[in-house]
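FYI, it's all coordinate maths here, none of it is from the lab. None of the values given here were measured: they were computed from a predicted structure. Backbone-built Cβ (ideal geometry, glycine too); neighbour counts: all protein chains shown.
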Amino acid sequence: MTADSIGAATASAAGDTQMSDDRSDDRSDDRVQFSVEELLTSGEYTEPLVANGVRCHGGFDADGVYFSPRVVHRAPAIKAWQHQLQREGHELIEIPSDLMPPPHPNVAQAKLLLQNDVRDPIVRALTIISIVEGFGAMIRDVEVPDLASLLVEPFEGTALAHLTSGLFEAHARDESGYREEGGHKQMWEAARDAALENPKIPGDVLMRLMSGRGRSQRPAPAFPQIAPQLERMLGFMANVLVVEVFATGTFRWGIELLSDPEVSAAPEEAGGMVRNIEADEKPHVDYLRTALSEVRARTIRTTDGKEIAGSVVVDALLHRVLHQMTRNRRRDQQEDLR
Ligand SMILES: [Fe+2]
Ligand SMILES: [Fe+2]
């Protein structure tokens, strides 16, 4: 895959999500500055989301439509930043979701296992998903360097300027919950426990996940001439973006399997829960691809006083992640299953 094909790919990274954008009371397209409080505001719901006895984030309006948490201002903000970027003549990164390897076991295989009372692999697969969702909270610990000194062009009023003032924190809360509210980690657990009737969770899932895949290895710098902190931040964001886009396949899998009354004890509750999680992912994909596109549209200062196009750096980091994930993901899932 070439750098061009990332930019020109037509498949929508944000496809097929629900109406989590529509909860905005701020339609103005030109406002590009938002406070932390605004980006973290959820507004009021008619009814909270409770799953398997767990109070989760988000909620329903009077018509029973689910709305994601923290999108009242975040959704229009992201749209405004995207429009601004496009008005300035820059493209928005699209990761083709058809690069995504199919989930293993697939829905038919998973169903066959459950029908034959082989539940452990599916309980493990769902538990791994919930743990990985919880890992999303790490995004709030990403070190953001002094971008003003590292980027040639200004970036006020961009997604980039709001990473540490609301965007990373909102993302972290969505994934792992906040205070008494469950996030995606707890929502996947609730879906699993409702569908499979509170199965016994193997005690070694987390340990195997941490030790098995060798993912913790930090890659050698691809651009030794730029500030290492900047490359780490961009690499982390590229990685999370691809994970979020590829998660689409996991959601389809989860919705189909857990909505199937032949194998799910709570087809509506569990399937609906995964749909709600899927809707919540849209702002994650959107702010990450916006901020990375904003870097692509700028110039990075190197540590030796020269310059390099942001597009060269961002595209290379995205390639590295896509290359690794398209190659390793299926093997990782097969190993997890075994
Ligand atoms: Fe998530
Ligand atoms: Fe996410």
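One table, with the values for the structure above:
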read-out: Peptides 48-54, 69-75 ordered by average Cβ neighbours within 10 Å, highest first; value: 69-75, 48-54
read-out: Between region 100-145 and region 297-338, the alpha-carbon center distance in angstrom; value: 23
read-out: Neighbourhood net charge (10 Å Cβ-Cβ; Lys/Arg +1, Asp/Glu -1) for Val205; value: 0
read-out: 29 Å Cα cut-off, lysine pairs counted over the chain (separation 8 or more, or different chains); value: 7
read-out: Sequence-distant residues sharing a close amide H with Ala265 (under 5 Å, placed H); value: Leu196, Glu197
read-out: Net charge dipole size for region 187-338 [Lys, Arg +1 and Asp, Glu -1 on Cβ; Debye, nearest 20]; value: 960
read-out: 5 angstrom amide H check on Leu151, placed H, neighbours 5+ away; value: Arg301
read-out: FRET efficiency estimate (nearest 0.05) - Cβ-Cβ, Asp117 to Thr164, R0 56 angstrom; value: 0.70
read-out: Contact order relative to length of region 130-257, as percent, for alpha carbon pairs under 8 angstrom and 6 or more apart; value: 29
read-out: Within region 153-267: Cβ-based charge dipole about Cα centre, in debye rounded to nearest 20 (Lys, Arg +1; Asp, Glu -1); value: 540
read-out: In order through region 291-305: 3J(HN,Hα) via Karplus (6.51 cos²θ - 1.76 cosθ + 1.60), integer Hz, x for Gly, Pro; value: 4, 5, 5, 5, 5, 4, 7, 10, 10, 9, 7, 8, 6, 9, x
read-out: From phi via Karplus (6.51, -1.76, 1.60), per-residue ³J(HN,Hα) for region 136-146 in Hz, x at Gly/Pro; value: x, 5, 4, 4, 6, 9, 5, 7, 9, x, 6
read-out: Summed side-chain charge close to Glu181 - residues other than Glu181 whose Cβ falls under 15 Å, Lys, Arg +1, Asp, Glu -1; value: -4
read-out: Under 5 Å, built H, 5+ apart or other chain: amide partners of Tyr178; value: Gly183
read-out: Sequence of Phe251, Phe60 once ranked by neighbouring C-beta atoms within 10 Å, starting from the fewest; value: Phe60, Phe251
read-out: Ranked Leu206, Leu196, criterion: other C-beta atoms within 10 Å, fewest first; value: Leu206, Leu196
read-out: GluC sites (Glu not before Pro) restricted to DSSP loop in region 173-266 with at most 12 other C-beta within 10 Å; value: Glu180, Glu197, Glu262
read-out: Cα-projected label distance for Ser35 with Gln109, points at 7 Å along beta-carbon direction, nm; value: 5.2
read-out: Selected from Val205, Gln186, Val118, residue furthest toward positive end of dipole (region 103-205; charges at beta carbon); value: Val118
read-out: Among His284, Asn328, Leu317 - extreme Cα towards positive end, dipole of region 247-338, charges at beta-carbon; value: Leu317
read-out: Anisotropy class of the chain from Cα gyration tensor, a/c 1.5 cut; value: oblate
